[in-house]
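The block underneath contains the structure these notes are about, expressed in structure tokens.
The values are calculated or read from the model by the stated rules, or taken from the named source; none is laboratory data. Bear in mind that the values here come from a model prediction, so they are computed numbers and not experimental data. Ideal geometry is used to build each Cβ from the backbone, glycine not excepted, and the neighbour counts take in all protein chains shown. Only protein heavy atoms, including side chains, enter the accessible area calculation; ligands, DNA and RNA are left aside. Shrake-Rupley method; radii C 1.70, N 1.55, O 1.52, S 1.80 Å.
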Amino acid sequence: MTGPLLIELKRSNARILGLVVGAVGAISLASIFEGSRQWNMFAYADAAIMCVLAPLALAGGAMLGRREQSTRAAELMHSTGRPSWQRITPAAAALAAAVTGAHLLLAAVGIVLMLLYSSYIGARGLMSILVDVPLLIGAALLGIAAGRVWPSRLLPPLLASAAFAIQMAADSIPAIQGLSLIGPQPEADWESVTDPVLLGRLGFAFGLVLGGYLLSAGTSWIFRAGGSAAVAGGAAVMLAVSPTGSAERYLVDADAQRLVCADGVPQVCVTAVHAYLLPSVVPQARAALAKLAKLPYAPTRAVEWRPDSIFTGDEADYLGNQPKTVQGTVSFRLDLDEESEDTDVEASILNGAGTTANGCTLDDTAALWAAGAWLTGGDTLDITDRVFGWQLAQSDYQPVLVKLRQAPEAEQVRRVTALRDAANVCQTKDLTAILTGRRDS
Amino acid sequence: MRTLSTVIKPHGGTLHLLGASCTDRRQLRAIRSRLGYLPQHFGFYPRFTVRDYVEYMAWLREVPKHEISAAAQRAIDRVGLTERAGSRLKALSGGMVRRAGIAQAIVNDPALLLLDEPTVGLDPEQRVEFRNLLRELGDGNCVVVSTHLVEDVAAACTNVVVMDKGERVFQGAPADLTRLGESDGIGDSPAERGYSVLLREHRSAA
């Protein structure tokens, strides 16, 4: 069958479909991915663009499916010895090869970019990408089947539009959200998709492949019924298995959170997903450690904070009343900007004298900012918090800072140390009183 | 012709081709592999080249894999399209497309070759060439040609069956048909006149 397959690859719409899927995929991927350097985000973007690529594959399949009728070649084809399933196989295989090639090429480009500019590539993200290969193939096969049944010129655009509309509806109607190929995006760089998400997509993909093939090649009602049942079954599996909420769709990827430490002392470690940031983070973290050394029992190691739960947008996912601290270690959160960089690591470590990433709910932010500004030796502490949205103006904490500086030097150190120690046991109410001397720790 | 080519099932009665029953699904595949067929409306994939199409049809007609390339080349050579083997079908003239259609029909050296109105759309020169090809093909195979052009039958066939509304009106040698038109009938040639005489007599008897 190699000969007919090569002919179909050269002469059918397979190559054009591959080009369209590749080009539209690249544009869609770029618009979602936006230059992020995170593998899990890339895997999400690659999965989300299926809402566009699958309808395209469907339309491409329909164009090929209507070929026999539109060229009036059906009579001749039906007079040949090959059974129907063999007759359809070269064309179906050519389309499958084209969409698979286009998708894997996109993935390969993404992987190369990740290897060059990122520091982590995980198995779950890779599985998420590979699961969508049969999904595209299934969509193309289903398109072929539709084109053979209704060989109208209008069919390909109608089919693509309908499939895209269904995806948009699935993304917004709770009852059918399980069918959505888009879904919510991960909130943290170490969050990967869960098994049910992968299984749901895989079930749908295999339903489409089996159903599409049976409907394309089958000549009796048994095959057509079986094909329809396979497609419906695949959709039902996806609907039943796929979780819709972030809490069930994502898990914390332990490999992505693995610590990677820079050479030298004091030790600075970040998670594997942020290891590419070490060159810019290390000087900032070490500068912060040097400033924290003004306080007694200062930490000698800085480690990126790692939650053990996924983030759903609620502060309570990450912050509570149980401190997560390690003796001698200060934790810090990396808040990446649009260029996937964090330029205020030093300030964020100094904020609250190294306590703002200790797992505690922090209520008195003015005191935390004032303590940080005091440690810098200046009047301001510029931090942009992209996770919780904490943002204070200088005027918010300036009165606390002024009051703190009115105390004798040793008293200032004692008060900031007291704030640190209170915050590190999650006693975060009215920290201002500690800094201003209204309350002794 | 569509029934003979096994594209549609016989509405009634029995049909045996090449010693096997066409209504027996188990024998259909074997029959089809020994058939060559050029439909009246020869449908083709316009982006395919002549060689692509003939090789593709060879695969569909179950020519053994290792013989496909040589068989396709042989068929293309026989219909005189060697120079245009690499041309896309959509770039060919009507006559050349017809010849490509014959090439795909003979690529499996069929035991039974069915040609439905093969000379439609051909110019006089091409029709003469086609008759020569038909004679050549008939040397080694059974060729059934359906046509309304009586001269083609007289010039290239060894046996003629005249049908009217699904009924057989005449079966015999072309010379017998010609003889009927020597002194009667309408038409420009004895064969045409013989054909018209047959139809007139059949219809008046009915």
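Along its three principal directions, the equivalent ellipsoid of the stretch A:223-275 from the Cα gyration tensor extends over semi-axes of 47, 12, 5 Å, largest first. Can you pull the percent of Cα pairs in the stretch A:258-436 with separation above 19 Å? The calculated P(r) of the stretch A:258-436 puts 54 percent of pairs beyond 19 Å. Ligands, DNA and RNA left out, the 1.4 Å accessible surface of the stretch A:258-436 is 50% carbon and sulfur atoms. Rolling a 1.4 angstrom probe over the protein heavy atoms with all chains in place gives the stretch A:2-251 an accessible area of 39 Å² per residue. Angle of helix A:394-405 to the longest C-alpha principal axis of chain A, folded into 0 to 90 degrees and rounded to 10: 30°.
Measuring from each cysteine beta-carbon in chain A, the ones with no other cysteine beta-carbon under 4.7 angstrom are A:C51.
Ligands, DNA and RNA are left out, and with a 1.4 angstrom probe the accessible area of the stretch B:153-206 is 62 Å² per residue. Summarised in one figure, the compactness ratio Rg/Rh of the stretch A:1-63, Cα atoms and Kirkwood Rh, is 1.12. Take each residue of peptide B:42-54, count the partner chain Cβ atoms within 10 Å of its Cβ, and average: the result is 5. The mean sequence distance of close C-alpha pairs (under 8 Å, at least 6 residues apart), as a share of the length of chain A, puts its relative contact order at 13 percent. Tell me: how much accessible area in total is hidden between A and B, 1.4 Å probe, Å², nearest 100? Result for this pair: about 2700 Å² buried. Once every Cα of the stretch B:153-206 carries one equal point scatterer and solvent is ignored, give the base-10 log of I(q)/I(0) from the Debye formula at q = 0.19, 0.27 Å⁻¹, two decimals. Per q value, in the given order, log10 I(q)/I(0) is -0.58, -1.08. Rounded to the nearest 20, the size of the Cβ-charge dipole of the stretch B:44-119 about its Cα centre is 280 debye, with Lys and Arg at +1 and Asp and Glu at -1. Residue by residue along B:3-10, Cβ atoms of other protein chains within 10 Å of the local Cβ number 2 on average.
Averaged over peptide B:56-67, the number of partner chain Cβ atoms lying within 10 Å of each residue's Cβ comes to 4.
Taken over chain B, the ratio of Cα radius of gyration to 2.2 N^0.38 Å equals 1.09.
More than 12 angstrom separation, counting every C-alpha pair in the stretch A:87-141; what % is that? Everything past 12 Å amounts to 68 percent. For A:R301, the amide hydrogen comes within under 5 Å of the amide hydrogens of A:V330, counting only partners 5 or more places away or on other chains and with H modelled in the peptide plane. Beta bridges assigned by DSSP with both partners in the protein assembly as shown are antiparallel in approximately 45 percent of cases. Of B:K9/B:K65; A:K291/A:K403; A:K294/A:K403; A:K324/A:K429; A:K10/B:K90, which ones are farther than 26 Å apart at the Cα? Among B:K9/B:K65; A:K291/A:K403; A:K294/A:K403; A:K324/A:K429; A:K10/B:K90, the Cα-Cα distance tops 26 Å for B:K9/B:K65. In a simple Cβ point-charge model (Lys, Arg +1; Asp, Glu -1; nothing else charged), the protein assembly as shown has a dipole of about 2040 debye relative to its Cα centre. The helix-only estimate of mean residue ellipticity at 222 nm for chain A, built from DSSP H runs of length n ≥ 4 each weighted as -39500 (n - 2.57), is -19000 deg cm²/dmol after division by the residue total. Principal-axis analysis of the Cα atoms of chain A puts helix A:123-149 at an angle of about 30° to the longest axis. The calculated FRET efficiency for B:R168 paired with A:L199, based on their beta-carbon distance and R0 = 56 Å, is about 0.30. Taken along its principal axes, the alpha carbon cloud of the stretch A:152-311 reaches lengths of 82, 27, 27 Å, longest axis first. Estimated from the Cβ-Cβ distance and a Förster radius of 30 angstrom, the FRET efficiency linking B:D123 and B:R2 is about 0.65. The portion of the accessible surface of the stretch B:153-206 made up by carbon and sulfur, rounded to a whole percent, is 49 (1.4 Å probe; DNA, RNA and ligands excluded).
FRET efficiency for the A:T384 to A:Q427 pair, using the beta carbon distance and R₀ = 22 Å, is estimated at 0.25. When +1 charges are put on Lys and Arg Cβ atoms and -1 charges on Asp and Glu Cβ atoms, the dipole computed for the stretch A:9-119 relative to its Cα centre reaches about 460 debye.
Mind listing, in residue-number order, the residues in the stretch A:1-36 that have at least 40 Å² less accessible area with every protein chain present than in their own chain alone (1.4 Å probe)? Residues meeting the cut-off: A:P4, A:I7, A:R11. Among A:123-131, A:255-263, B:34-42, A:310-318, sorting by the average number of other beta carbon atoms lying within 10 angstrom of each residue, highest first, gives B:34-42, A:123-131, A:255-263, A:310-318.
From its DSSP helices (H runs of at least four residues, each -39,500 (n - 2.57)), chain B gives a residue-normalised ellipticity at 222 nm of -13500 deg cm²/dmol.
Across the options A:G125, A:I222, A:A43, the greatest Cα extent toward the positive end of the charge dipole of chain A (unit charges at beta carbon of Lys, Arg, Asp, Glu) belongs to A:I222. Quick note on the stretch A:357-431: its Rg to Rh ratio, both from C-alpha atoms and Rh being the Kirkwood radius, is 0.95.
Kirkwood Rh, Cα Rg: Rg to Rh for the protein assembly as shown? Rg divided by Rh gives 1.27.
Taking label points 7 Å from Cα along the Cα-to-Cβ direction, A:S161 and B:N159 give a separation of 5.7 nm. If you model the stretch A:2-251 as an ellipsoid using its alpha carbon gyration tensor, with each semi-axis the square root of five times an eigenvalue, the axes come out at 32, 20, 15 Å, biggest first.
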